[in-house]
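Here's the structure we're looking at; comments come further down.
Read-outs throughout are calculated quantities, based only on the coordinates presented, and are distinct from any laboratory measurement. Just so it is clear, the structure is predicted and the values come from calculations on it, not from any experiment. Positions of Cβ are backbone-derived with ideal geometry, glycine not excepted, and every protein chain shown enters the neighbour counts.
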Amino acid sequence: MISPRYVREIPQRYRLEALKCKCGKINFPPRLVCPSCKSREFETITLSDEGKILTYTIIRVASDIFSRETPYAVAIIETKEGAKLTAMIADSNLEDVKIGKKVRLEFRKIQDEGVSGLHCYGYKAIVT
Amino acid sequence: MRDVAVIGFGMTKFGELWNKSIKDIFVEASLNAIENAGVDHIDSMYVGAMSSGLFVGQEHIAAVMADYLGMAPVPSTHIESACASGGMAFRQAYLDVASGNSEIVLAGGVEKMNDGADVTAALATAADQEYEVYNGITFPGLYAMIANAHMHEFKTTSKQLAAVAVKNHLNGFNNPNAQFRSKITIDTVLNSTMVADPLHLLDCSPVTDGGAAVILCPLNMAKNFTDKFVKVIASTQASDSIALSERKSFTSLNAVSNAAEKAYKQANLKPTDIDLAEVHDCFTISEIVVSEDLGFFNKGKGGLAVEEGRSSIETGEIPINTSGGLKSKGHPVGATGIAQIIEVYEQLTGQAGKRQVKNARVGLAQNMGGSGASCTINILEAI
């Protein structure tokens with residue numbers, strides 16, 4: 001059974017839905033209040049899948065659920081619209097993960113809920 | 001608001017305390033503090049702890065500790081702000097006394113991290129669960145991203161990061177309560193296992209069990225108990241976005257600069273007036289960034305400053321982490337902020353032994369939570 005906690009995040013994780021505030025700030029993930037101007041009026045937008053790496057690391061010691069995937073890279077990505085998000089890097093050489101590199105966000109499996117549990121999906125970044 | 005003094009302290013040794021439970025650890029530190037301060041009762045108590053629920057499966061920790069300390073029915077309050085829980089507990093105890101609500105107050109902190117929990121996962125709950133941790137980041141990983149940004153922007157080097165660890169281990173060597181009393185070299189750090197690039201194992205603070213406590217009272221009552229007391233001249237706090245990705249800059253911590261600005265104003269001091277500082281070196285890069293955001297060194301020069309010995313006990317204009325810091329003394333998360341206050345207190349009352357900073361009059365303690373989403377700064381002055 002899919003947990004409500006997981007379902008709530010599907011629009012953001014599967015479709016990169018964000019809220020654009022009337023002040024121009026892109027809020028990803030969505031919020032009830034814009035932290036920049038305190039407005040509560042937003043327009044729903046879909047982020048593009050193109051972005052660049054602002055900073056990154058290569059995780060060599062992970063928590064238990066990701067321990068079989070080490071070493072893997074995680075980066076903060078800025079999308080074309082200026083939204084910033086944290087994403088794992090997939091299908092790329094670790095040596096190619098650098099600040100300023102262009103990436104494409106793709107729909108991927110992220111983790112499992114428990115040993116034989118639900119597959120959990122979202123976005124990962126591929127260095128282009 | 002009335003003036004407040006710190007009149008005594010107690011702590012356990014920091015390390016892997018296999019034979020002691022979280023209750024034993026908190027009670028031992030608190031009894032030491034009560035005895036050291038010479039008080040015969042307390043009016044209220046604050047317990048800083050990040051996550052006793054995840055680490056040992058025990059919540060309702062404030063009531064547990066009041067009970068086992070033999071202090072029930074005094075009001076006992078749990079303060080949680082991730083790794084800043086201890087510093088925040090101190091600040092709440094300060095406000096309790098300053099407001100006139102209570103007279104003798106205990107501020108304690110504790111964490112029992114070596115009882116079998118998935119420590120990396122437990123610590124990661126201080127970050128955004130759905131958008132950072134879900135995507136595989138860890139705490140060393142978050143600070144590693146800060147480090148890579150700092151290296152990219154200011155040409156900070158791995159050697160400069162290592163210099164923080166070397167200095168703090170040298171200081172911790174002279175601290176009998178420190179977890180790792182071993183001198184290390186730049187090469188020891190650079191040759192240690194990589195945890196999250198560019199942070200090596202010895203760039204990271206350890207997993208630690210430990211407890212620490214101090215006693216506060218109105219300044220005008222302090223001499224009734226002891227001749228070793230210090231005055232709290234600033235106590236401030238600030239917050240920032242929980243996710244690192246939300247910040248405008250990854251090389252500055254706004255909660256730190258914001259709390260610092262307010263603290264200097266409250267104490268009517270400048271950064272150059274501070275004689276020593278305990279800062280939150282959960283990772284070597286955090287000491288570098290924080291030493292800049294506190295105004296001790298120019299932005300981008302924190303790495304160079306530690307390399308040049310500007311924060312060493314012997315040669316520095318501002319000795320930083322004379323206790324050994326989180327790096328060498330250990331980082332039992334909830335106890336850390338209180339242990340920082342204890343080091344400043346010991347320095348200002350001339351009890352720091354081989355770590356003693358000469359003519360220390362004013363000391364600052366900076367404690368932060370998560371990747372800098374919360375920060376508290378307390379400044380103490382010798383009387």
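Pull up all non-local amide H partners of residue B:230: gap of 5 or more, or a different chain, and H-to-H distance under 5 Å with H placed in the peptide plane.
B:6
Take the Cα of residue A:81, step 7 Å along the line toward its Cβ, and report every residue of the stretch A:37-63 whose backbone nitrogen sits under 16 Å from that point.
Label zone hits: A:41-52.
When only C-alpha pairs under 8 Å and at least 6 residues apart count, what is the relative contact order of the stretch B:319-383, in percent?
Across the stretch B:319-383, relative contact order equals 28 percent.
Longer than 21 Å from Cα to Cα, which of A:52/A:124; B:223/B:265; B:167/B:329; B:167/B:354 are they? Say none if no pair is.
Listed pairs above 21 Å: B:223/B:265.
When B:28, B:35 are ordered from fewest to most other Cβ atoms inside 10 Å of their Cβ, what list results?
Lowest to highest Cβ neighbour count: B:35, B:28.
Across the residues of A:64-71, average count of Cβ atoms on other protein chains within 10 Å?
So the per-residue partner count for this stretch is 3.
What is the mean number of Cβ atoms from other protein chains located within 10 Å of the Cβ atom of each residue in peptide B:142-149, rounded to a whole number?
Average neighbour count from other chains, rounded to a whole number: 5.
Neighbouring Cβ atoms within 10 Å as the yardstick, rank B:279, B:47 fewest first.
B:279, B:47
Spin-label point model (7 Å from Cα, Cβ direction): what's the residue B:181 to residue A:112 distance in nm?
4.7 nm
Residues of B:245-258, mean number of Cβ from any other protein chain within 10 Å of their own Cβ, rounded to a whole number?
Counting Cβ atoms of other protein chains within 10 Å of each residue's Cβ and averaging gives 2.
If you rank A:94, B:106 by fewest surrounding Cβ atoms within 10 Å, what's the result?
A:94, B:106
For residue A:23 and residue B:265, what does the FRET efficiency come to when R0 = 45 Å and r is the distance between their Cβ atoms, rounded to the nearest 0.05?
About 0.95, to the nearest 0.05.
Take the alpha carbon atoms of the stretch B:174-193, find their center, do the same for the stretch A:43-83, and report the distance between the two centers in whole angstrom.
Each part reduced to its Cα centre gives a spacing of 32 Å.
Report the Cα centroid-to-centroid distance between the stretch B:4-45 and the stretch B:215-256 in angstrom, as an integer.
The two parts, judged by their Cα centres, are 20 Å apart.
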